[in-house]
Amino acid sequence: MYPIFASEMHPLRASSLPDFIACPMSVYGKMDSESGVAADTGTAVHQAASVWHKSKKKDASVAIKVMRELHALYPLANLDTADAIFQRYANDERNINATTILIEEKIVIRLPPTEDDKTQAEIVLSGTLDQVREGEGGILTLVDIKTGKSHEGLDMLNHYAMQQACYMYGASELLGRPVHRAALCRTNDYEYKSRPVFWHYSWGLPIAKMMIAELRQTIADVRNGRIDIRPSQSACKWCQYGGPQNCIPARTDLDLYRS
Ligand code: SF4
């Protein structure tokens with residue numbers, strides 16, 4: 001029997017949430033992990049940033065050395081590109097002076113199913129959140145480093161909104177105190193002096209919780225057999241199916257297999 005979607009046996013990766021919200025079918029049944037040059041290069045940058053933030057001296061050369069030594073963990077990464085991205089990150093005073101209380105933290109987010117969810121199985125999301133930083137007055141901010149170029153500005157904030165909402169909630173549960181804010185650090189913006197690099201969400205934890213209620217309903221729909229197909233230029237461009245001509249027949253096949 002196929003495991004229940006977004007359950008203990010088949011957790012939904014938080015990093016899949018942007019794709020899942022855009023088109024549930026693009027993620028439904030997809031078990032493979034993210035890999036590729038861009039994804040692995042991003043993982044290498046995260047590795048360097050993690051080592052750097054955890055060390056007292058914040059020596060960029062040490063962090064880069066560790067990043068290069070662990071190449072086997074992200075075999076497709078372009079390490080020279082990762083090196084250049086990280087150097088810019090490590091020169092930013094906002095990062096140098098940051099007080100990080102969580103760094104590269106593996107997290108499991110557990111949510112109750114909706115009343116109409118036929119499975120009544122607990123919803124389980126998994127992922128690794130980049131950082132939680134503590135600012136003035138003890139205000140906690142979730143910071144997610146984005147090394148990709150495909151989304152920018154408000155489009156980027158909206159694209160990653162559900163992922164950040166879940167991490168805010170998960171980090172708050174983990175720490176036992178509210179993570180009030182969230183921001184994306186878009187490293188590609190270091191190349192443009194006019195861009196802020198840090199993009200802050202205008203909403204906080206209360207709105208995040210409302211968004212998560214919407215997510216629970218979408219997961220219930222999938223579990224109840226309604227797997228929406230929502231073609232759009234941005235979603236289909238990166239999807240494994242490559243267009244509705246492929247995903248609609250594939251959905252029929254999956255339904256037959258799982259019934
Ligand atoms: S090809 Fe487009 S419509 Fe089909 S599953 Fe992928 S994103 Fe959705």
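Going residue by residue through the range 97-112, is there one that turns out to be free of Cβ contacts under 8 Å to residues at least 12 places away in the same chain, loosely packed, with under 15 Cβ neighbours inside 10 Å and within 25 Å of Q164 (Cβ to Cβ)? Yes: one or more hits.
Of the helices (runs of 4 or more DSSP H) contained entirely in the range 1-86, those carrying at least 1 residues that are away from the ligand (no atom under 16 Å from the Cβ) and closer than 22 Å to I103 by Cβ fall at 37-54, 60-69. Taken residue by residue, the range 164-172 has no member that is over 16 Å from the mean Cα position of the chain (by Cα) and within 16 Å of E93 (Cα to Cα). In the range 147-156, the condition of being crowded, with 21+ Cβ neighbours inside 10 Å and over 17 Å from R216 (Cβ atoms) is met by at least one residue. Here S202 meets each of (1) assigned to a loop (DSSP other than H, G, I, E, B); (2) surrounded by 13 or more Cβ atoms within 10 Å (Cβ to Cβ) with one exception, condition (2).
K237 meets each of the listed conditions (1) closer than 24 Å to A6 by Cβ; (2) within 16 Å of the ligand (Cβ to nearest atom); (3) of a type in the set (D, E, K, R) apart from (1). In this structure, is I85 surrounded by 15 or more Cβ atoms within 10 Å (Cβ to Cβ) and closer than 18 Å to A48 by Cβ? The answer is yes for I85.
Under the condition of being over 12 Å from I101 (Cβ atoms) and surrounded by 15 or more Cβ atoms within 10 Å (Cβ to Cβ), the residues counted in the range 119-137 number 9. Of Y190, Y241, all but one fail to be in contact (Cβ under 8 Å) with a residue 24 or more places away in the chain, assigned to a loop (DSSP other than H, G, I, E, B) and surrounded by 15 or more Cβ atoms within 10 Å (Cβ to Cβ); the exception is Y241. All conditions but one from (1) loosely packed, with under 15 Cβ neighbours inside 10 Å; (2) of a type outside the set (V, I, T); (3) within 16 Å of the ligand (Cβ to nearest atom) apply to E214; the one that does not is (3).
Read-outs: derived from the displayed coordinates by stated rules, not from any lab. Everything numeric here is computed off the predicted structure, so don't read it as measured data. Quick reminder, even Gly has a Cβ in these numbers, built from the backbone with ideal geometry, and neighbours come from all protein chains shown.
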